[in-house]
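**Student:** The following block contains the structure, expressed as structure tokens.
The values are calculated or read from the model by the stated rules, or taken from the named source; none is laboratory data. Remember, it's a predicted structure, so these values are computed and weren't measured experimentally. Virtual Cβ from ideal backbone geometry, glycine too; neighbours counted across all protein chains shown. What goes into the accessible areas is simple: the full protein's heavy atoms, side chains included, and nothing from ligands, DNA or RNA. Shrake-Rupley method; radii C 1.70, N 1.55, O 1.52, S 1.80 Å.
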Amino acid sequence: MTGPDPVSLWHRLADTCVLLDGFHALKHAVRFGAEVPVAVAVDRGAALSLAEELAPDVRDTLDALLTQIPEPAYASLVPRPHPTAVAALAVRPSRAAHLEKLAHTPRTAPVVVLDNPRNLGNAGAVIRLAAGFGATGVVTTGTLDPWHPTVVRGGAGLHFATAVERLTVAELPPGPVFALDPEGDDIRGVKLPDDAVLAFGSERSGLSPELRARAGHLVALPMRPQVSSYNLATSVAMTLYHWSLGGS
């Protein structure tokens with residue numbers, strides 16, 4: 001690859017772009033159409049061999065993108081080195097385009113809402129699995145930034161496969177709101193429509209009063225007595241799986 005020095009380019013763009021930390025994050029971002037102005041690897045050949053093995057569909061694109069740099073230079077660009085020693089910067093998708101996608105109806109897949117989440121890693125895991133299920137998007141309320149580098153790392157680059165934004169409860173997309181709550185109806189008897197807004201409370205305090213008031217339906221996951229809760233990402237996965245079955 002010829003052109004500007006990748007380290008200098010990285011420093012110019014780092015404050016306005018999304019860090020793709022590791023081969024798999026770069027692979028997914030490229031696969032789902034991310035604009036990647038700079039990508040580096042300590043061992044370019046090894047990264048391309050990994051692409052040939054795991055992602056041949058993007059191998060040629062990565063060949064054009066990746067520049068090999070020394071290990072100390074790579075380490076200076078990332079918070080902590082990734083085992084694959086690959087990193088890239090991507091342009092964050094248009095917020096306006098995401099909001100349009102979230103608001104568009106009819107939808108063919110639900111929107112997942114994380115109501116005031118606290119754990120960055122949990123948020124990333126939810127985005128990753130929501131992308132896997134083909135959810136329309138993932139919305140967070142509260143102070144957590146769903147594009148925080150730790151969330152993007154947990155999402156393995158799949159932020160670019162679905163619409164990820166932070167909104168207030170009043171700004172949530174249209175559609176019937178199904179909120180997960182231990183006192184709700186057993187989800188196994190409930191049909192979740194494609195245009196559902198699936199809301200999950202925070203790991204610590206559950207649903208906020210504002211979200212609870214917005215919900216048209218409270219539903220509960222099956223759980224053995226004396227088990228207090230599921231992990232947030234597990235709850236989202238169980239709910240999306242129930243939706244994917246298409247019936248009650």
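**Student:** Among the residues of region 225-248, write down those that are open to solvent by less than 80 Å² (accessible area, probe 1.4 Å) and among the aromatic types (Phe, Trp, Tyr).
**Tutor:** Those that are open to solvent by less than 80 Å² (accessible area, probe 1.4 Å) and among the aromatic types (Phe, Trp, Tyr): Tyr230, Trp243.
**Student:** Based on what the data block shows, is Gly216 open to solvent by 30 Å² or more (accessible area, probe 1.4 Å), closer than 22 Å to Ile127 by Cα and small (Gly, Ala, Ser)?
**Tutor:** Details: open to solvent by 30 Å² or more (accessible area, probe 1.4 Å): yes; closer than 22 Å to Ile127 by Cα: no; small (Gly, Ala, Ser): yes.
No; evaluated as a whole, the condition is false for this residue.
**Student:** Can you tell me which residues in region 20-36 are of a type outside the set (Phe, Trp, Tyr) and crowded, with 18+ Cβ neighbours inside 10 Å?
**Tutor:** Within region 20-36, Leu20, Asp21, Gly22, His24, Ala25, Leu26, Lys27, His28, Ala29, Val30, Ala34, Val36 meet the criteria.
**Student:** Name the residues in region 134-145 that are under 19 Å from Asp115 (Cβ atoms) and either touching a residue at least 24 places away in the same chain (Cβ under 8 Å) or among the polar types (S, T, N, Q) (or both), would you?
**Tutor:** Listed by number, the residues that qualify are Ala135, Thr136, Gly137, Val138, Val139, Thr140, Thr141, Gly142, Thr143, Leu144.
**Student:** Okay, moving on. Filtering region 37-56 down to residues that are open to solvent by less than 80 Å² (accessible area, probe 1.4 Å) and in a loop (DSSP other than H, G, I, E, B), which residue is farthest from His98 (Cα to Cα)?
**Tutor:** Val42
**Student:** Return yes when Val169 is more than 20 Å from Leu129 (Cβ to Cβ), in contact with an Asp or Glu (Cβ under 7 Å, 6 or more places away or on another chain), open to solvent by less than 90 Å² (accessible area, probe 1.4 Å) and at pLDDT 95 or above and no when it is not.
**Tutor:** It is true that Val169 is more than 20 Å from Leu129 (Cβ to Cβ), in contact with an Asp or Glu (Cβ under 7 Å, 6 or more places away or on another chain), open to solvent by less than 90 Å² (accessible area, probe 1.4 Å) and at pLDDT 95 or above.
**Student:** Starting from region 49-68, take each residue that is β-branched (Val, Ile, Thr) and list its partners that are in a helix (DSSP H, G or I) and surrounded by 16 or more Cβ atoms within 10 Å (Cβ to Cβ), counting only C-beta distances under 7 angstrom and pairs at least six apart or across chains.
**Tutor:** Matching pairs, first to second residue: Val58/Lys27; Val58/Val30; Val58/Arg31; Val58/Ala51; Thr61/Val30; Thr67/Pro6.
**Student:** I need the full set of residues from region 88-119 which are part of a loop (DSSP other than H, G, I, E, B) and without any contact (Cβ under 8 Å) to a residue 40 or more places away in the chain, in order please.
**Tutor:** Residues satisfying the conditions are Ser94, His104.
**Student:** If I ask for residues that are open to solvent by 40 Å² or more (accessible area, probe 1.4 Å), within 16 Å of Ala25 (Cβ to Cβ) and hydrophobic (A, V, I, L, M, F, W, C), which ones from region 113-136 would you list?
**Tutor:** Leu120
**Student:** Return the residues of region 63-87 that are part of a helix (DSSP H, G or I) and closer than 25 Å to His148 by Cβ; say none if nothing qualifies.
**Tutor:** Leu65, Ala73, Tyr74, Ala75, Ser76, Leu77 - these are the residues of region 63-87 that are part of a helix (DSSP H, G or I) and closer than 25 Å to His148 by Cβ.
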